Every structure is written in C-alpha cells, then in structure tokens.
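Each remark here refers to the structure printed beneath this line.
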Amino acid sequence: MNTEEPLSMIVNHINVMGSFAFAISGALVALRNKLDPFGVLIVAFLTAVGGGTIRDMLIADRDVFWLFDTNIIYAILAGALTAMIFRSKLQFFQKPIFFYDAIGLGLFTITGVQIGIDYELNAFICVLLGTVTGVFGGVLRDVIVNEIPVVFQKEIYATASIFGGALYLLLIYLKIPNPYLQVIPIICIIATRIIAVTYNISLPNIYKNEQ
Amino acid sequence: MNTEEPLSMIVNHINVMGSFAFAISGALVALRNKLDPFGVLIVAFLTAVGGGTIRDMLIADRDVFWLFDTNIIYAILAGALTAMIFRSKLQFFQKPIFFYDAIGLGLFTITGVQIGIDYELNAFICVLLGTVTGVFGGVLRDVIVNEIPVVFQKEIYATASIFGGALYLLLIYLKIPNPYLQVIPIICIIATRIIAVTYNISLPNIYKNEQ
Amino acid sequence: MNTEEPLSMIVNHINVMGSFAFAISGALVALRNKLDPFGVLIVAFLTAVGGGTIRDMLIADRDVFWLFDTNIIYAILAGALTAMIFRSKLQFFQKPIFFYDAIGLGLFTITGVQIGIDYELNAFICVLLGTVTGVFGGVLRDVIVNEIPVVFQKEIYATASIFGGALYLLLIYLKIPNPYLQVIPIICIIATRIIAVTYNISLPNIYKNEQ
C-alpha cells in the first residue's frame, strides 16, 4: 500500500509528460505531411494515447487512462499547439520528431511495466505491456500518414523498450528508491535510441549467410 | 433517471439506423472493389460496428453494443443485402456511398456523445467519443479496401462530427426537448457534409505561406 | 456446470496449440520478409494472440486470454524459435505457412464460438466471435508485413471459419460428446482450407454478368 500509492502518482505524472512528448512528435509528423489543423490534432492525439489505450483495453477492469483525466487532454492540446506554433522555427523536422519520440518511448514504457506489476502479472508480460505502451503510439502515427513504422526500421527501437522494461524490473528487485527507480531506465531507453540512431547501430543480421 | 431512460432507448434506435446506413455504405464500397459475398458482408459489418466497438472497448465496464443486440446484426444483414440487390440499379456508386456515410456519421456521433454523458465524462471527452464513434467505421472500411480514409480527405469530415457533438451538448444545456435535441445536430452533421462536398469546402490552409 | 468446466479446460489447451501454430506461421512470414529477430518475435506474437485479443476486448468483463496464462507466451516463444531454427530446412516457405495458418484458423475458431456460448450469446454472434478469433491473427500478420490479407484472397478463408463455427453449434445441439465435438469442426476447417487452396476453389463470382 505504502509503496503502491506514490508509484501510481508517479505513473500519472509520467503519463502527462509522455503524452506531451508524443503529441509533439505526432503533430510534427502530421505537419510534415501537410494535414489540416484537425488532422494534426487527431494524429497528435492518436500518437499520445495509442499505446496506453491498447494496454488499458487488454485489462478487463481498467478504464482507458485518458477517459477520466483531463490533464492528459490538455497536455496533448499543448503539445500539438507547441508544434504548430514553433513549426516555422524547426526547419528540419527529422531531429525533433526523433527526439520527442524517444522521450515518449522511455516514459510510456515504464508506465506500462508498472501497471503490469500493479496487476501482479508475470515478469515477461509486464515487459510486454511496457513495450506495447511505448511502441504503439508511434506505430499508429506512422501507419496513419503512410510512413514505415519506426518499429520496423533497422535501428534498435522495440529492443530499447524491452531492455528498459527489464532494467526497471531489475531495479525494483534491487530495491532502488524513487525517483532513481524510474529515472534510470527512462534515461537508458532514451540514450539507447539516441546512440542507436547516431551511430546507426542495429541488431546482428541473421540473414547474412543467405543469398 | 426520468430523462436518462428514454435517451438510452433513443440511442438504441439510432444505433440500429446508423448500422443500416453504414452497412449500405460499406457494402457499396466492397462491391465497387469486387469482393466476394462474404467479403461484402465483412466490410459492411466492420463499417457499421467499427466506431461504436472502439468506443465501447475504451470504457472498462461496457460490453460492445452489438454483442447482446441482435437487431444490430439484422440491420447490418438488411443493409448489405439491400446494397447487393439494388447494386445494378446504382450505376454510379459514388453518390449513394457518400450519402449513407453522412447519415451514419450523423447518427453515430450523437450516440457516442450521449454515452459519454451517461458516464459523466468531461465535455471535451464526450465530443471525442462521439467523433470516434462516427468516424472510425468509415476509416476501417477505407483502410480494408486500400482507399484513402475519408477523414484525411480535403473536405470537412471529422470537423462536421466535432461540430455536431458540441452542438448536441449545447442543446442539452439549453434544455431543448426530445426529439429535437437529437434531430437538430444529426441533420446539421449530414447537411455540413453535403454542403462541404457539394461546394468543395475545406478548412483554411495553414501552409499557404510556405513553398 | 459439469459440462462447462471440461470445455473451458479444452479451450485452454486449444489456445496453447493454436498459439504455437499461428506463431510458426507468423515467424515464417516475418523471416521471408527478413525482419530482425525481435521483429520475428513481435509478428509471431501478434499473429498468435491477435484474434483472441480482439475477441476478449469485445467482452467487458474478460481479461485478454494471455495476460494470466504464461503457457501461451511459452508456446509463442517455442513456435517462433522453431521457425527460426528450422527455417533453413524449409526452402519453400509457402506450403508450411499455409499449413500452420490453417491449423491456427481451425483451433481458434472453435475457442471463439465456445466463449460466445459461455456468455450465452446469440448463435449468429457466437459464430462471428469464432470467425474474429480465427481470422484476425492472420490479418494482423499480413497487414504488418504489407502483404494482401489472406481473408481477401480468392480462396475460401473466412467462409471456412464460418462453416466450422456453425458446424460446432450443430454438433453441440446434437449432443455429440467430447472430444469429437471439437475435433470434427476443427478438422473440417483445416480440410476445407487445404481443399480450397489445392483445387483453387472460390465462392461463386457475383460479378460475372458485369463489364
């Protein structure tokens, strides 16, 4: 009880921050594809809530996280407006999209794992919930605007989320206190993405002996 | 209580009518793409129930609306059969597809907003549920047959649904009685779509100062 | 009660077998498309759990079947590893993918119908739940790797699932005992698929008098 309560509150804060970050990345992708203002808002919304919505639909007694939490809605509106207003300043969108996407991936992965723990699920499935939460917002964003989903690009993406989720479980096992418990795996996921993209690192090629 | 009960029954009637309209639009799109009879039925079904199904999955304690209501299933079968039988009479499918789609959009938007109200959700989120309910059946239909989703076409679509949903909330606030309460926003949504498509009206272009 | 309990246990066993078969078919498709190892695992997972996940999300008080059942996760891991290890032996992937897909379709269709019966749903809707369960894993698999979904190919696919689901209801009505009750429709679905593909059988063409 004593340990559950603060963790749930931290999950709420992380949800708001992650929604803001993913809303910016979604709005920037929509702006690059020249959607109209409502289209930008819809893509920002789907990017921000996509992963968490699928996670919450998987668990029977959970309402979707944004249904009763207007802070999420305001964070998404703020993120989409920020992207629309400062868009002209961002001559080259590629970098900020990637950066906000990495932040969203890190933040949301940890909320997904934590919710798995709250429901006392198997460790495997906790990490899986974290990956679903972190990854599917970006997948929806990319599917909607007909780009190749980030998950299936060469660089490490789902792998970063799986690694961060497993690290979070390890840190809980080692009784690392808040907020290090959350901050360390979040930073590890973001750093993994930045390093993978900067140095063009991918998983070993299992097809190299073929054709 | 006294006002809730009749509203829920009206929602049921609207669901059946909307399912019929969307089933026709779905079946016509499937026929245009020369799917086999079961394919036509599947597309009609997904178009009719897609939006409401996503809405009901978002709310933890709600069964999907068609699970216990066979009238919906019969309405969809009737819509799909109507489209298959009268297809040869409809030399030019474009107009009837658009028309039945507009009716489905109007009817389903209002059921989504009403369900949000029943759960005492925030006004923003009520309108959002209405838009999800109205829009996603048509999106699924178009994604399945690989057409560009209506939502992302130039003409006002999601905007009509958002506008109608907000109008419905306003009319409730003004204590407008049944059935005007529902009929006015439904007709407004349908009319907005017809006017937008007829006169080729779209939202202002936010990219006009760019390249 | 007495008859419900063993049926639920049979559903669990069938779920594990179906997950194994669909995981192999998903992993083989992913390998043919040269995804990296985590990509193979993700496609195997989505193929195996996709249909049942959508089915369970439709029913409000049902947790998704794999959340509390680690046997499913192990079956998927085993299926994906089997496909990765024996891939070099399978020079021509087309046949095994088709074969494991047919097995998954047969097994999962019956679990979906049985769950509809457990919730005392209308016969139509029981068959529909069976088809959703059987079909959507393969649809997700094909959508992810950008292949044309099996459902929309010419040969009988959803039709085989609908036929098998209806046959299962008929056998229950005729009070056929376990395990014949499940084995007969499962084999019928698999055989229908094999015959349809081998002899290139499709539904009658309703467009032949046109164009």
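Listed values, structure above:
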quantity	calculated
For region A:179-203 versus region B:8-38, the gap between their alpha-carbon centres in whole angstrom	47
Label 7 Å beyond Cα on the Cβ vector: residue C:98 copy-to-copy distances, nm	4.3, 4.3
C/A buried area, accessible surface, summed, 1.4 Å probe, Å²	2200
For region C:4-198, with +1 on Lys and Arg beta carbons and -1 on Asp and Glu, the positive-most of C:73, C:104, C:131 along the dipole	C:104
In range of the label at residue C:202: residues from region B:34-53 whose backbone nitrogen is under 18 Å from the point 7 Å along Cα→Cβ	B:34-43
Copies compared at residue A:17 - label distances in nm, ascending, label defined 7 Å from Cα in the Cβ direction	4.9, 4.9
Region B:102-211 - Rg (one decimal) and Dmax (whole number), Cα, Å	14.8, 51
Region A:95-159 and region B:68-134: distance between their alpha carbon centers, rounded to Å	32
Order of exposure, largest accessible area first, which applies to C:32, B:87 with probe 1.4 Å	C:32, B:87
Surface accessible to a 1.4 Å probe, residue A:17 within the full protein complex, Å²	100
Förster radius 30 Å - calculated FRET efficiency between residue B:173 and residue A:71, Cβ distance, rounded to 0.05	0.80
Dimensionless Rg ratio for chain C, taking C-alpha atoms and the 2.2 N^0.38 Å reference	1.01
Simple Cβ-charge dipole of the protein assembly as shown, Lys/Arg +1 and Asp/Glu -1, about Cα centre, in debye nearest 20	2140
Student exercise, chain A dipole from Lys, Arg, Asp, Glu Cβ charges, in Debye to nearest 20	800
Alpha-carbon spread of region B:32-131, three principal axes, descending order, Å	47, 27, 20
Chain B, closest residue to the rotation axis toward C, by beta-carbon, whole angstrom	B:57, 3
Cβ-based charge dipole, region C:4-198, positive-most Cα from C:198, C:53, C:83	C:198
Rounded, prolate or oblate (a/c below 1.5 giving rounded, otherwise prolate when a/b exceeds b/c) for the protein assembly as shown by Cα gyration tensor	rounded
Over 27 Å (Cα to Cα) - which of A:34/B:34; A:34/A:95; A:34/B:89; B:95/B:175; A:34/C:34; B:34/B:95 fall in this group	A:34/B:34; A:34/B:89; B:95/B:175; A:34/C:34
Helical contribution to [θ] at 222 nm, DSSP H n ≥ 4, -39,500 (n - 2.57), averaged over chain A, rounded to 500	-24500 deg cm²/dmol
Accessible carbon and sulfur surface of chain A relative to its total accessible area, %, 1.4 Å	67
For residue B:123, inter-copy label distances in nm, listed shortest first [label point 7 Å out on the Cα-Cβ vector]	5.0, 5.0
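The values are calculated or read from the model by the stated rules, or taken from the named source; none is laboratory data. Keep in mind the model is a prediction, meaning the values are calculated, not measured. Glycine gets a Cβ as well: all are built from the backbone with ideal geometry, and neighbour counts include every protein chain shown. Remember, those area values only see protein heavy atoms, side chains included, never the ligands or the DNA or RNA. Shrake-Rupley method; radii C 1.70, N 1.55, O 1.52, S 1.80 Å.
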